[in-house]
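Read the structure below first, then the notes.
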Amino acid sequence: MRERQLWLQGVHGWSDVPVGEVFSPRLDDKLREGIRGSRDALDRGDFDYFAKALPQTEHWRLLPQLLDGAGYLDIEAADDRITVIGIMDAQGVRSFVTTFDGFLERAAQWKCIVTFNGAAFDLPILRRVFPDWQPPLAHIDLKQVYRRLREKGGLKALEPRMGFERPPHLAKLTGSDAVALWHAQKQGDPRALQRLIEYNLYDVFILKPLAELGYNRLLKRTGMPAAKLPVSDRGAMLYDVSRAALAALS
């Protein structure tokens with residue numbers, strides 16, 4: 001309610017707060033103190049400050065500042081263990097299979113994590129496997145974002161409604177198929193491992209355009225006076241997915 005009052009008064013950012021009274025002396029002191037603290041945190045690049053200040057369901061507001069420094073993440077699991085970790089970040093796309101050496105070093109550079117249902121699945125499992133890992137506090141779970149937009153179902157059901165289509169050989173695969181592919185590769189089928197890696201990496205690379213679309217739709221839904229994000233071109237990203245899949249097998 002207070003936020004909408006600010007918007008209606010033309011206060012669309014920190015610098016728009018007028019010198020005089022806005023709400024009341026008590027609330028105005030808190031408002032200006034919050035702006036000072038936020039400016040200092042932004043100057044330091046301390047995005048954990050904002051992640052602590054916002055409910056986790058509101059971390060989507062941080063996307064414009066964090067897109068380039070985010071880690072887009074998806075894991076596959078079977079037999080009570082992680083089988084594949086797929087990531088995309090400023091360094092590109094990578095798949096960790098059988099050995100996860102280098103994952104923690106790569107993840108240490110992230111300012112934010114973007115997942116789909118990661119709060120319930122990916123992050124709890126990763127914390128159990130890597131108990132010393134301290135992920136960034138900013139976590140944008142796109143399942144929560146799209147649930148708020150009244151979009152039901154999992155990632156595979158959401159994609160076609162958002163205008164995304166998977167390659168034919170991946171289009172019908174589900175999480176249970178990922179488990180079956182892992183078992184098949186253990187029995188010596190090399191094509192099964194390649195398909196599992198491709199399936200996982202496609203889950204990863206789709207997160208960025210879905211995050212951008214979700215942000216733009218939430219701007220419209222909430223009426224927030226902010227600029228839309230450009231939506232990433234998927235063509236170049238698909239090429240990176242193919243290269244990463246081949247690299248993981250070499």
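The values are calculated or read from the model by the stated rules, or taken from the named source; none is laboratory data. Values in this document were obtained by computation on a predicted structure and should not be read as measured data. We place every Cβ from the backbone using ideal geometry, glycine too, and count neighbours over all the protein chains shown. For the accessible areas, the whole protein counts, side chains as well, though only heavy atoms, and no ligand, DNA or RNA atoms are used. Shrake-Rupley method; radii C 1.70, N 1.55, O 1.52, S 1.80 Å.
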Open item on the list: Residue under question is residue 245, and the condition is that it be of a type in the set (Gly, Ala, Ser) and either open to solvent by less than 50 Å² (accessible area, probe 1.4 Å) or at pLDDT 95 or above (or both); does it hold?
Closed with: yes
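Let's see how each residue does on (1) within 20 Å of residue 83 (Cβ to Cβ); (2) modelled with pLDDT under 95; (3) buried (at least 17 other Cβ atoms within 10 Å of the Cβ):
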site: 110; (1), (2), (3): no, no, yes
site: 116; (1), (2), (3): yes, no, yes
site: 123; (1), (2), (3): yes, no, yes
site: 139; (1), (2), (3): no, no, yes
site: 155; (1), (2), (3): yes, yes, yes
site: 159; (1), (2), (3): no, yes, yes
site: 164; (1), (2), (3): no, yes, no
Task: So residue 215, is it at pLDDT 85 or above, part of a helix (DSSP H, G or I), over 30 Å from residue 16 (Cβ atoms) and under 20 Å from the mean Cα position of the chain (by Cα) - done: no
Task: Among (1) at pLDDT 95 or above; (2) open to solvent by 10 Å² or more (accessible area, probe 1.4 Å); (3) among the aliphatic types (A, V, I, L, M) - the single one residue 88 does not satisfy - done: (1)
Open item on the list: Out of 134, 185, I need the residue that is more than 17 Å from residue 86 (Cα to Cα) and outside any helix (DSSP H, G or I). Which one?
Closed with: 134
Task: Count of segment 202-232 residues which are under 19 Å from residue 86 (Cβ atoms) and of a type in the set (Lys, Arg) - done: 1
